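Take a look at the structure set out below.
Every number here is computed from the coordinates shown, using simple stated rules; none is lab data. Just so it is clear, the structure is predicted and the values come from calculations on it, not from any experiment. Cβ sites come from the backbone with ideal geometry, for glycine too, and all protein chains shown count toward neighbours.
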Amino acid sequence: MKPATFDYLRPASATEAIDALGTHPDSKILAGGQSLIPMMNMRLARPAVLVDIGAIAELQGIAADGSLRIGATTRQSDVLAHPAVRRRWPLVAAALRHVGHPATRARGTVGGTIAHGEPAAEVPAVMLALDATFTVQARGGTRPVAADAFFLGHYTTVLDDDELLTSVEVPDTGAAHWGFAEVARRHGDYALTGAAVRLRTDDDGVVTDARVALFAVAARPLRSAAAEERLLGSRLGDAGAAGDAGQVALTDVGDDTVADDSFVSATYRREATAAMVRRAVLEAATNPRGEA
Ligand code: FAD
């Protein structure tokens, strides 16, 4: 199918893009188009105006001095290829390898995969595990939004229709331990479930700080406080603690579990989630830590 007719704007600045969103109520931002265009072709989205932000230089780029700052329209493939990301934020790189395919990553943007609000997307969960902050710009100015407060449900975020996600800020995670695990029907498909884990330990390998983020099991990415609590005080690589963390993570998913769908049952998704948490936690004991 082909999209319904639409007008096309290509603003040169974030301010211009925001003005266009405010002027045209039935408009949508176009970034890499790897989600929006298929939805338009299937007539699942029928914006009257497309505001293409691809030419806005201020939204592009990666800065990695101290924290990691990624401009919203930075291509997923550029972040994956960035040496500092691979060295200091290996969890980001690990997740990006699971996002679609090289061809989609060459067009898809980091801001798009966050703003899209797809529950099975890997990058949003990693941003929760790394305590990232998103900068959102509107006509009245900009506001920071913690990743943990950004996602509300299926394709639903705190973004208003006239707001633009301009950048992502990931704190310096130092020499943290990290693990990432997902199950998908084929590599590059959306995950059926998955977990992203970031752990800090003391000199004896005892966990002093834990983040466990789940994706694809509920209507939005979510952190599991119960799993994080279980890991605190445990020894890195402790299989019993890893297994317990997987089980208690399900208590944080609760009734929010994605129902049976054409791919898998809710029961499978829950059991696989517990296994992915366990696998990511155990992987954190052996993965080379990010550089401080
Ligand atoms: P677009 O498609 O241009 O936009 C997506 C949505 O976000 C739109 O509603 C748009 O208005 C909004 N938006 C975009 N940028 C902004 C912004 N800066 N501010 C406010 N709103 C914005 N993704 C995964 O996570 N995991 C996968 O395994 C995966 N597999 C894929 C396989 C295929 C074959 C394809 C085609 C896509 C796949 N994707 C997957 C999706 C891909 O990662 C998309 O790039 C991503 O979901 C959206 O990014 P985009 O830049 O293409 O955004």
For ALA125, state whether it is within 20 Å of ALA284 (Cβ to Cβ), buried (at least 22 other Cβ atoms within 10 Å of the Cβ), within 10 Å of the ligand (Cβ to nearest atom) and small (Gly, Ala, Ser).
yes
Does PRO119 meet the test of being within 14 Å of the ligand (Cβ to nearest atom) and assigned to a loop (DSSP other than H, G, I, E, B)?
yes
When the residues of region 151-192 are filtered to those that are in a loop (DSSP other than H, G, I, E, B), at negative phi and among the hydroxyl-bearing types (Ser, Thr, Tyr), which remaining residue is nearest to the ligand (Cβ to nearest atom)?
TYR190
Select from region 93-109 the residues that are touching a strand residue (DSSP E or B) at 6+ places or on another chain (Cβ under 7 Å) and more than 8 Å from the ligand (Cβ to nearest atom) and list them in ascending order.
ALA94, ALA95, ALA106
Can ILE53 be described as of a type outside the set (Ser, Thr, Tyr), crowded, with 24+ Cβ neighbours inside 10 Å, over 18 Å from the mean Cα position of the chain (by Cα) and within 14 Å of the ligand (Cβ to nearest atom)?
yes
Test result for ALA225, surrounded by fewer than 21 Cβ atoms within 10 Å (Cβ to Cβ) and within 16 Å of LEU250 (Cα to Cα)
yes
